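The values are calculated or read from the model by the stated rules, or taken from the named source; none is laboratory data. Keep in mind the model is a prediction, meaning the values are calculated, not measured. No Cβ is skipped: glycine too gets one built from the backbone with ideal geometry, and neighbour counts run over all protein chains shown.
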Amino acid sequence: MKICSSPRVKAIRYRNSREPGILKYTMSLSLSTYVIEPDITVVTLAGKMTLGRDGSFEAIVSTLVAERARKVVFDLSELGYIDSAGIGQLIHSVTSLHKAGGSCRVAGTKGLVRSVFHITRVDTVIAFTDTLAEACASLSA
């Protein structure tokens, strides 16, 4: 399995700035994958998961499905924001893994991200854990 990292930074203008050259840089989404234990793959998402990204999340999940990864943890502990498109992509990814015979957990959600999953009731459909260690333990059992 390849270790993949995909930081994506974009520049936006300060809304209240009178100087045209002032830019603010924001991290859109950063992804990395690694394997722990012999058979658990962790996909870490950091930053913001929103509409209009470059498709790297879907590419990573497609690769995992093609490589027959059976136990996957999506670590969202560093994810600060997710919109409806991001939720849809996460649900699609979980569904793809389950159809391929795998199982997965979502770990580390907090703050606004946790609230969004609770309000949309996604947390009743996908298995969520508080920490990465709990997610790995539940997949190992």
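Quick notes
- Taken over segment 97-125, residues that are closer than 19 Å to Val35 by Cα and of a type in the set (S, T, N, Q) amount to 1.
- Any hit, segment 126-135, residues being part of a helix (DSSP H, G or I), free of Cβ contacts under 8 Å to residues at least 12 places away in the same chain and closer than 21 Å to Ile36 by Cα: yes
- Restricting the first member to segment 88-111 and to residues that are in contact (Cβ under 8 Å) with a residue 40 or more places away in the chain, and the second to residues that are charged (D, E, K, R), the beta-carbon pairs closer than 8 Å and six or more apart or on different chains are Gln89/Glu58.
- Qualifying position, being surrounded by 13 or more Cβ atoms within 10 Å (Cβ to Cβ) and modelled with pLDDT of 90 or more, among Leu45, Leu29: Leu45
- Of the residues Phe57, Phe74, the single one that is farther than 19 Å from Ser138 by Cα, aromatic (Phe, Trp, Tyr) and within 14 Å of the chain's Cα centre (by Cα) is Phe57.
- Some residue of segment 76-83 being in contact with a Gly (Cβ under 6 Å, 6 or more places away or on another chain) and closer than 18 Å to Ile40 by Cβ: yes
- Condition met for Leu97 (touching a strand residue (DSSP E or B) at 6+ places or on another chain (Cβ under 8 Å) and not acidic (Asp, Glu)): yes
- Note on segment 64-77: residues that are of a type outside the set (A, V, I, L, M, F, W, C), without any contact (Cβ under 8 Å) to a residue 40 or more places away in the chain and surrounded by 15 or more Cβ atoms within 10 Å (Cβ to Cβ) total 1.
- Odd one out for Ile82 among (1) closer than 25 Å to Ser28 by Cα; (2) over 15 Å from the mean Cα position of the chain (by Cα): (2)
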